[in-house]
1. Looking at the range 65-74, can you tell me whether even one residue there is crowded, with 18+ Cβ neighbours inside 10 Å, farther than 25 Å from residue 139 by Cβ and outside the structural domain of residue 164 (by TED's automatic domain parsing)?
2. Determine which member of the set 52, 115, 99 is away from the ligand (no atom under 16 Å from the Cβ), in the same structural domain as residue 8 (by TED's automatic domain parsing) and within 19 Å of residue 3 (Cβ to Cβ).
3. Say we look at the range 199-212 and pick out the residues that are at pLDDT below 95 and part of a helix (DSSP H, G or I); which of these is surrounded by the fewest Cβ atoms within 10 Å (Cβ to Cβ)?
4. State which residue is farthest from residue 109 (Cα to Cα) when the search covers only the range 62-75 and only residues that are in contact with a helix residue (DSSP H, G or I) (Cβ under 7 Å, 6 or more places away or on another chain) and within 16 Å of the ligand (Cβ to nearest atom).
5. Out of the residues in the range 1-35 that are more than 16 Å from the ligand (Cβ to nearest atom) and in a strand (DSSP E or B), which is surrounded by the fewest Cβ atoms within 10 Å (Cβ to Cβ)?
6. With the requirement that a residue be free of Cβ contacts under 8 Å to residues at least 24 places away in the same chain and away from the ligand (no atom under 14 Å from the Cβ), what does the range 81-96 give you?
7. Go through (1) surrounded by fewer than 17 Cβ atoms within 10 Å (Cβ to Cβ); (2) under 20 Å from the mean Cα position of the chain (by Cα) for residue 51 and report which single condition fails.
8. Looking at residue 44, is it assigned to a loop (DSSP other than H, G, I, E, B), in contact (Cβ under 8 Å) with a residue 60 or more places away in the chain and under 15 Å from the mean Cα position of the chain (by Cα)?
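The values are calculated or read from the model by the stated rules, or taken from the named source; none is laboratory data. Since this is a predicted model, take the numbers as computed values, not measurements. Here the Cβ positions follow ideal geometry from the backbone for every residue, glycine too, while neighbour counts run over all protein chains shown.
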Ligand code: CA
C-alpha cells in the first residue's frame with residue numbers, strides 16, 4: 001500500500017518513514033507544499049499524511065487545492081497545532097482525520113487503517129475472499145484456515161488484488177503499489193512475487209490475464 005508522507009522535519013519524517021515501512025507500507029516522503037502537489041499529480045496514493053507547517057506552501061492550502069480539484073484521497077493531518085480552531089479548520093479544509101504531535105505510532109497506524117477501511121467501504125479490517133483471509137492490522141494471511149508466512153511485498157501484492165477482486169491489475173499498477181521512489185525494481189519483480197504467492201498458496205489463487213496483468217482467481 002503506497003502512501004505519501006508530507007513532513008519537513010527531517011527527524012520526524014525519517015522515523016515515520018522507517019516505522020511505516022516496517023509495517024509494510026510503501027512510503028514516498030516529500031518535505032514541502034509544492035513537492036506534495038507534484039507527488040499527487042503523478043502518483044496514485046492510498047493515503048496522505050500531511051503536516052501543516054510546511055515550507056513554500058502551507059499544508060492547509062495544499063489540501064484545500066486538492067479538494068477543490070475533486071481529489072478524494074484520504075488525508076490525515078499530523079501537526080503540532082493542537083488548538084481547537086486549528087483542528088476544526090483542518091477538518092473543514094477536507095482532512096479526514098487529525099492527529100496532534102507527538103503521537104504514538106500505534107495510534108497513527110490504527111487511524112490509517114480506519115481511513116483505509118472507510119475508503120474501501122468496509123466497516124471492518126478483515127478481507128475474506130473464498131478460502132483467503134487477510135488481516136491488515138495483524139498483517140497475517142490465512143489460506144484454508146492455515147496461516148501462511150508472506151514477505152512484506154507479497155503481502156502488499158496479495159492485498160492489492162484482494163481489495164479489487166475481479167479486476168485485473170497491470171504489472172505497472174502493482175509495481176506502483178509495491179515500490180516507492182528511488183527504490184530499485186528488478187524488471188521481473190512482480191512476476192517473482194506472483195510466483196512465490198502461487199507457490200505458498202495455490203497456483204489458482206492468482207490468474208494471469210493475458211495482455212493485461214493479474215487478478216485474483218475464482219474462490220476455490
Ligand atoms: Ca512542519
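1. Yes; the residues of the range 65-74 include at least one that is crowded, with 18+ Cβ neighbours inside 10 Å, farther than 25 Å from residue 139 by Cβ and outside the structural domain of residue 164 (by TED's automatic domain parsing).
2. 115
3. Step by step, filter the range 199-212, then rank; the result is 203.
4. 62
5. Initial filter on the range 1-35 (more than 16 Å from the ligand (Cβ to nearest atom)): 1-3, 18-28.
Okay, now just the ones that are also in a strand (DSSP E or B), so 2-3, 26-28.
Values: 2: 19, 3: 22, 26: 21, 27: 21, 28: 22.
Among those residues, the one meeting the criterion is 2.
6. If the condition is that a residue be free of Cβ contacts under 8 Å to residues at least 24 places away in the same chain and away from the ligand (no atom under 14 Å from the Cβ), then 83, 84, 85, 87, 88, 91, 92, 96 are the ones that fit.
7. Checking residue 51 against (1) surrounded by fewer than 17 Cβ atoms within 10 Å (Cβ to Cβ); (2) under 20 Å from the mean Cα position of the chain (by Cα), the one that fails is (1).
8. Values: assigned to a loop (DSSP other than H, G, I, E, B): yes; in contact (Cβ under 8 Å) with a residue 60 or more places away in the chain: yes; under 15 Å from the mean Cα position of the chain (by Cα): yes.
The answer is yes for residue 44.
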